[in-house]
Every structure is written in structure tokens, then in C-alpha cells.
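Notes for the one structure printed next.
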Amino acid sequence: DLAALIEERSKLPLVYLRIGMDLQEFCHAKLGSLITLTAPSGAGKSSLAIEIARRHAANVGPVIYVTPELDADEVGARIVSQVCDVSWEGATQGEVSLEHMHAALNLPRMLVLARDDATMTRAEQAVAEMRAAYPDEPILVVVDYLQLLTGEGKEERTRVASIVEELRRFAQRLALIVLAVSQTSRAAAKAMGAGELMGAETTSTGAETAQIERAATITTSITGMRQLEDGRTALDLNVGK
């Protein structure tokens, strides 16, 4: 029975999440996997998640970006800023022409579900629509961020644990990749920002519950933010689990 199961799951393709102009691999996993991305506040979780999403939509397959936190136009502005090399605030203030915004946002395989539309029920409907339009292409669902979704339980740890388990089952049931952005626990935020936690040490840094690391197939994180002389910020990307 186990041999048959292994053979069946071996048919699920590996999906590579990539970033940058050279499409460098960030991480990879089989369809049905939950990947978490954790970082302190202001470290660029959403920007990195949007970068991963737009590269996937442009080069690999459909993306559903689920964000209870950001407005849809802010997600769009961040894409424009990355493509056109301006600040995302500048992208919202008319620093980029309509023509260039159209070119940057020409991502027919990407759908943004923001604010009230940012539910897993609506995401599942969108998955069905994308699968019909783009059969046999691996789907990526990005959740930005998981602590803002609705979950069961009055106590915060219980609620977040139920959200994480729902995302894990969602990925497996629909045979897709879920990339879930997570807040950092307060205890870990300072150490991550200073670069004191690296690699496997970052696995348990998600806020509210250890269920995040237990349910995730892969845990990733941003650590070690360093200001450069030209005004940019250097940082480290980690794969923990």
C-alpha cells in the first residue's frame, strides 16, 4: 500500500518558486505543499511574496493572491514598482505612466483577492476558474498573511492553528502550492532582524502557534536586515524546515 502511495505521489510535479531577473530558485516543493514565509514587521514579507507571485504568473502558471491586509491597488502598485524600479509609494502617486503600468500588470494568470474578497472559499472558486482556463499548469495560492484569515476558536493560538491546518488541507485537496506569509513571534523578531537566527533556527519563529512549523512542508524566512550606503537594505533568505 505504501509503495502504491509513493508511486502515486511521485507523479506530482515539483514546483520551483523563483525571484529576480535571473529567476533564481527561492525554494521548491511538490504540488500539495504548504510553504510559510516568516519575517519581522517591515522586513519585506509582502514585497517578497508579490515578487514570487508575479514571477510564477509570468513564467509558470496561475496565481491567486489572497490578502486581507492590502488593497488590490496596493498589490498592483508594488508589482509596478518592482518592474519599473520606483518606490511603491511613487507608483501610487502617478510616477509611472498608464502605458507602463499596463505593461507591468499584464499578468492574465494572476488574480488578486483583497480585503472582503480574501477568503479561502473565494480562493477555491478562483482555483477552479484558473484550472479551467489553464489546465495542467501548477497553481500557486499566496496568503498574505495567515493570521488575518478567519479561523475557529476564541483563543488566538487555537484560531491560528486552525487556519494553518485549513491551509495545509487546502493545498493537498486541490493539489496546488500554498505560500502563506506569517507574522513573526515577538520573541523572535529582534533576533531575526539582527541576523542572530539563521537556517533551521528560523523554523519555529512564526507567531502564535507551533502548528505553523508542524503543518508546513517548508518554512522560509527573512533575517539579518542591513542598511547599505546607497539606501537599499540587504537581507538573508533562509530555508528552515
- request: Answer yes if at least one residue in region 70-81 is loosely packed, with under 15 Cβ neighbours inside 10 Å and either modelled with pLDDT of 95 or more or part of a loop (DSSP other than H, G, I, E, B) (or both), and no otherwise.
  value: yes
query: On the given criteria, is T67 within 18 Å of T220 (Cα to Cα) and open to solvent by less than 10 Å² (accessible area, probe 1.4 Å)?
result: no
task: Hey, can you tell me all the residues within region 226-241 that are among the hydrophobic types (A, V, I, L, M, F, W, C) and loosely packed, with under 11 Cβ neighbours inside 10 Å?
output: L228, A234
field: Subset of region 124-148 (residues that are surrounded by 19 or more Cβ atoms within 10 Å (Cβ to Cβ) and either under 14 Å from the mean Cα position of the chain (by Cα) or among the hydroxyl-bearing types (S, T, Y) (or both))
entry: I139, L140, V141, V142, V143, D144, Y145, L146, Q147
Positions within region 1-25 being in contact (Cβ under 8 Å) with a residue 60 or more places away in the chain and under 12 Å from L140 (Cβ atoms), in sequence order: V15, L17
message: Can you say whether A200 is at pLDDT 80 or above and either more than 18 Å from the chain's Cα centre (by Cα) or part of a strand (DSSP E or B) (or both), as far as the supplied structure shows?
response: no
task: Would you tally the residues in region 1-59 being under 15 Å from L176 (Cα atoms) and of a type in the set (K, R)?
output: 3
- line: If we keep only residues of region 11-43 that are farther than 22 Å from A215 by Cβ and touching an Asp or Glu at 6+ places or on another chain (Cβ under 9 Å), then the residue surrounded by the fewest Cβ atoms within 10 Å (Cβ to Cβ) is G20
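The values are calculated or read from the model by the stated rules, or taken from the named source; none is laboratory data. What you are looking at is a predicted structure, and each value in this text was computed from that prediction instead of being measured. In this analysis, Cβ positions are derived from the backbone assuming ideal geometry, glycine residues included, and neighbour counts consider all displayed protein chains. For accessibility, only protein heavy atoms count, side chains too; no ligands or nucleic acids. Shrake-Rupley method; radii C 1.70, N 1.55, O 1.52, S 1.80 Å.
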